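*Asks:* Submitted below is the structure of interest, expressed as structure tokens.
The values are calculated or read from the model by the stated rules, or taken from the named source; none is laboratory data. Keep in mind that this is a model prediction, so the values were computed, not measured. As a convention, Cβ positions derive from the backbone with ideal geometry for all residues, glycine included, and neighbour counts pool all protein chains shown. To get the accessible areas, we keep the full protein, side chains included, count just its heavy atoms, and leave off ligands, DNA and RNA. Shrake-Rupley method; radii C 1.70, N 1.55, O 1.52, S 1.80 Å.
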Amino acid sequence: MTTLFISASPAQAKPADSPLNEGRPTSTHTSKAPTVVAHRGASGYAPENTLAAVDRAAALGIDWVENDVQRTKDGELVVMHDTTLERTTDVEEVFPKRAPWNVSDFTAKEIARLDAGSWFGPEFRGERVPTLAQYLDRINRHHQKLLLELKSPELYPGIEKETLTALRRGGYLDEAHRRDSLVVQSFNGDSVKRVHGLRPRVKTGFLGTPPVKELPDYAKFSDQINPKYTTATKDYVNAVHKLKGPRGQRLEVMTWTVNDVATAQQVAGDGVDGIISNNPDIIQNAVG
Ligand code: G3P
Ligand code: CA
């Protein structure tokens, strides 16, 4: 299997608020305001990747949520960012002898015992690590749209097919959702390619900043190129926009993670299609 697409180095690492950006061309971009996405749920206000975080995004009126999926020892898909459990749960107290606390070393029943909220604030005590099924049920009830990241899929062979099955069961693979309510993304290009191969009509995204000359290769299987904001320059966004993705539509750019107004306005001016943020309400007000 090729590793060509596993990662890509930033093309132009230049902070958007850097003095180095003085003199950048003024944007002539005139299309609609970027979509704002709640990163790991509204993770500036509630513990990331929990139901509380997507509830908060809904309460803020944010339609799109970004979350991460991984797999437990016994094959359950769960919503979790880190590949280990200690940063965002009380796993060290509950299972002190189980270091290094890999997600993949714990069963779903064990993970369901963990408190995934107290680390963020006492009012979130008892919040759980949701299974993907629980999570989809909740965001479906909120009518939220989903940017789902396959996190470290190289650790979980077959997770692409399993995730697509869960999305189908959760109601996210019908035509309406495929049209404008779902993107499956990953830093692992081979994984994105597998998702596209399994379900060509599902919109996909590659996380990273591939060199411009390699973009046509990515456009064969990825509908979005989603770079860190420091590399989402106007020239790069324009280069992406010149291409069409595998579903025949203009390639899009969703950039991350933008938490301040000045940077949001900069990347919006540079023409990005989406901004992923921990405080999406502030960014929505700035660019909406
Ligand atoms: O969606 C973009 C962003 O989530 C990628 O970074 O580390 O927060 O998963 P990370
Ligand atoms: Ca993510």
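*Asks:* Return only the number of the condition from (1) more than 16 Å from ligand 1 (Cβ to nearest atom); (2) in contact with a strand residue (DSSP E or B) (Cβ under 6 Å, 6 or more places away or on another chain); (3) more than 24 Å from Gly205 (Cβ to Cβ); (4) hydroxyl-bearing (Ser, Thr, Tyr) that Ser118 does not satisfy.
*Replies:* (2)
*Asks:* List the pairs whose first member sits in the range 268-288 and is over 14 Å from Ala38 (Cα atoms), whose second member is among the β-branched types (Val, Ile, Thr), and whose Cβ atoms are under 6 Å apart, counting only residues at least 6 apart or on separate chains?
*Replies:* The qualifying pairs are Ala268/Val287; Asp270/Val237; Gly271/Val237; Val272/Val237; Val272/Val253; Val272/Thr255; Asp273/Val253; Ala286/Val261.
*Asks:* Here are some residues: Arg98, Arg87. Which one is within 16 Å of ligand 2 (Cβ to nearest atom), open to solvent by 60 Å² or more (accessible area, probe 1.4 Å) and in a loop (DSSP other than H, G, I, E, B)?
*Replies:* Being within 16 Å of ligand 2 (Cβ to nearest atom), open to solvent by 60 Å² or more (accessible area, probe 1.4 Å) and in a loop (DSSP other than H, G, I, E, B) holds for just one of Arg98, Arg87, which is Arg87.
*Asks:* State all residues of the range 207-226 that are part of a helix (DSSP H, G or I), in contact (Cβ under 8 Å) with a residue 24 or more places away in the chain and either closer than 14 Å to Thr255 by Cβ or not acidic (Asp, Glu) (or both); if no residue qualifies, say none.
*Replies:* Val212, Leu215, Pro216, Tyr218
*Asks:* Any chance you could count how many residues in the range 173-197 are out of contact with any Ser or Thr (no Cβ under 6 Å at 6 or more places or on another chain) and either in a loop (DSSP other than H, G, I, E, B) or closer than 19 Å to Lys228 by Cβ (or both)?
*Replies:* 10
*Asks:* When the residues of the range 232-259 are narrowed to those that are touching a residue at least 24 places away in the same chain (Cβ under 8 Å) and open to solvent by 50 Å² or more (accessible area, probe 1.4 Å), which ends up farthest from Lys203 (Cα to Cα)?
*Replies:* Asn259
*Asks:* Regarding the range 184-197, can at least one residue be identified that is of a type in the set (Lys, Arg) and modelled with pLDDT under 95?
*Replies:* No, that holds for no residue.
*Asks:* Kindly check whether there is at least one residue in the range 227-238 that is more than 16 Å from ligand 2 (Cβ to nearest atom), of a type in the set (Phe, Trp, Tyr) and assigned to a loop (DSSP other than H, G, I, E, B).
*Replies:* Checking the range 227-238: not a single residue is more than 16 Å from ligand 2 (Cβ to nearest atom), of a type in the set (Phe, Trp, Tyr) and assigned to a loop (DSSP other than H, G, I, E, B).
Yes/no per residue for (1) assigned to a loop (DSSP other than H, G, I, E, B); (2) at pLDDT 95 or above; (3) open to solvent by less than 40 Å² (accessible area, probe 1.4 Å); (4) among the aromatic types (Phe, Trp, Tyr):
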position	(1), (2), (3), (4)
Asp115	yes, yes, yes, no
Leu147	no, yes, yes, no
Leu164	no, yes, yes, no
Arg168	no, yes, no, no
